[in-house]
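None of the figures in this text is laboratory data; all of them are computed from the coordinates on show. Bear in mind the structure is a predicted one, so any value in this text is a computation, not a measurement. Cβ placement follows ideal geometry from the backbone for every residue including glycine, while neighbour counts extend to all protein chains displayed.
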Amino acid sequence: MSLVNTKEYIYVTLNFENFKHQEISPQEDLLLTMFNTAVSNLILFKNQSRDMLSMAKKFQDGARLFETDSEILQAKLCIILKDVSKADEEVIVKEFRSKISQLVSEEGKDNFISRMYKGRIDIVSWPKFDDAGWSKTLSNISKKLVRQEAIHEDANNFLQNIKIIMAKLKICDWTSLEKTFIQIRVATLTRLLPTAVSYGLEQEDPIIEHLVNRDSGEPIDDQIVILSDILSGYEGSTKILPDSEIQLYDEHESFERLSKDLRKYFEYIVQSRKESSNDKEWFANFDKFFKYIIERRTSRVQNWYMQNTAKFPQDNSDVVNGKYAMEQELSKLTLLWTLCGLICHQCGLKCVKNRDHQEDHDCLTDHK
Ligand SMILES: [Zn+2]
Ligand SMILES: [Zn+2]
């Protein structure tokens, strides 16, 4: 393996030629072909013997195992005919090409060129090393590579893809790679969902992991918001706590306890309830503030899920089910943070318990 780092890309060259000299079983050989096809942009296949049939048979076996996979298989197959002199070039390439078209018509739509390479195949005759054309051919190959679109978004993705492909090959899982990618991604998001909903984070303990776009590595936006943007009538530039610093759910806590910090925070940065002469107004602002906090969490979690599933077909059942599970969790959160607003059983202030609370209405002040 060798790497070339350019400004735009990292080119990774994998050379499997040494394997060919060792004793490898036909099945291992097949796995190599499939691995190659799944990870590569451009495959240079050196056809030693010009025995078209045995080569084609091997590829054809691989094609039967793969499901047609729109996103994953992007490789272009370049069959190299080695040591061809200029004089023979035309005849040899032509002959090879006609054998390929014959094979394609015999196999019909299941032919390996369509299934594995979507028709992206090239036949290149390569002159002997002492021929002037040798390096010219090399530079033509490099042009082909540059024209290919990158299939792995970045080094992170490349590593992840390679691991999944190897794991699938190992367990002889021949189903579509794309389906596996989707399943893994949605399973990860579903596992992180409770923490995302509760904290606006992917992980809270032992170290904080923020919500991220797992493809780009970019964090999900957690904008700084100024109080006057959400409550009319407030001026100045007081910033409110970012979403990722507020806990909004804990299955072991009552709503009164869970909302206590945020209630105190509101009284501190907006208005203390004791100093308010109009409780109706105070409550309206308080209610608005809570609603904003919940809407912000909801939209960040939705954004996180959307960004992390954007590259998949939106009607895929895993993507749809994951989204449904997320919406369920978020609507539970909205319900939990909906205030009661009826009159306290001990004074005239409004009740700030949750809408569905049991027991007496309570303003949660000293009622004085
Ligand atoms: Zn109440
Ligand atoms: Zn009261």
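Pairwise Cα distances in region 2-174 exceed 21 Å in 52 percent of cases.
Using only alpha carbon positions, build the gyration tensor of region 88-140, then give the equivalent ellipsoid semi-axes as the square roots of 5 times its eigenvalues, largest first, whole angstrom.
On the way: eigenvalues 154, 36, 6 Å².
The answer is 28, 13, 6 Å, longest axis first.
Give the percent of DSSP beta bridges with both residues in the chain that are antiparallel, rounded to the nearest 5. Could you put the intermediate results ahead of the total?
Working: 11 of 22 bridges.
Here the share of antiparallel DSSP bridges comes out near 50 percent.
For the chain, find the longest principal axis of its Cα atoms and tell me its angle to the long axis of helix 155-170, 0 to 90°, nearest 10. On a 0 to 90 degree scale, this one is about 70.
Kindly provide the GluC sites (Glu not before Pro) of region 298-368 that DSSP labels as loop, not H, G, I, E or B, and whose Cβ sees at most 12 other Cβ atoms within 10 Å.
Values: sites: Glu327, Glu329, Glu359; in loops: Glu359.
Passing both the DSSP loop test and the Cβ count: Glu359.
With a simple spin-label model that places each label point 7 Å from the Cα along the Cα-to-Cβ direction, the separation between Glu28 and Lys57 comes to 2.0 nm.
Would you please put 137-145, 177-185, 79-87 in order of how densely packed they are, using the mean number of other Cβ atoms within 10 angstrom per residue and starting with the highest? Intermediate results must be reported in sequence, preceding the final value.
Working: 137-145: 12.6, 177-185: 17.8, 79-87: 15.6.
By packing density, highest mean first, the sequence is 177-185, 79-87, 137-145.
In straight-distance terms, cross-link reach from Lys46 covers every one of the aspartates and glutamates whose alpha-carbon lies under 13 Å from its own, apart from those fewer than eight places away in the same chain; here that gives Glu17, Asp83, Asp122. Taking packing as the residue-averaged number of other Cβ atoms within 10 angstrom, the listed peptides 270-280, 32-42 run from highest to lowest as 32-42, 270-280. When both bridge partners sit in region 2-174, DSSP labels roughly 25% of those beta bridges antiparallel. Take the Cβ atoms of Asp83 and Asn156, set R0 to 35 Å, and the FRET efficiency comes out at 0.30. Pairwise over distinct Cα atoms, reciprocal of the mean inverse distance: report the Kirkwood radius of region 223-292 in Å, one decimal place. Evaluated over region 223-292, this radius sits at 13.1 Å. Here each label is just a point 7 Å from Cα along the line to Cβ, and for Tyr9 and Lys291 those points are 5.2 nm apart. Cβ-Cβ distance of Trp134 and Lys332, R₀ of 51 Å, FRET efficiency by 1/(1 + (r/R0)^6): the value works out to about 0.15. Between helix 52-65 and the chain there is an angle of about 20 degrees, using the helix long axis and the longest principal axis of the Cα atoms. Under 5 Å from the amide H of Phe45 lie the amide H atoms of Cys78, Ile79, Ile80, each residue being 5 or more positions distant or on a separate chain, with H modelled from the backbone and absent for Pro and chain starts.
All alpha carbon pair distances within region 252-365 were sorted into 10 Å bins beginning at 0; the resulting P(r) in whole percents reads 13, 37, 25, 15, 8, 1. What shape does region 187-336 take by its C-alpha gyration tensor, where a ≥ b ≥ c are the square roots of the eigenvalues and a/c under 1.5 counts as rounded, a/b above b/c as prolate, and the rest as oblate? In terms of gyration-tensor shape, prolate. Here the chain yields Rg over Rh of 1.21, to two decimals, using C-alpha coordinates and the Kirkwood radius.
Report, to the nearest 10°, how far helix 133-147 tilts away from the longest principal axis of the Cα atoms in the chain, using its own Cα long axis and a range of 0 to 90°. Roughly 20 degrees between the two axes.
For the set Lys264/Lys288; Lys76/Lys168; Lys109/Lys143; Lys288/Lys350; Lys86/Lys136, the pairs lying more than 18 angstrom apart at their alpha carbons are Lys76/Lys168; Lys109/Lys143.
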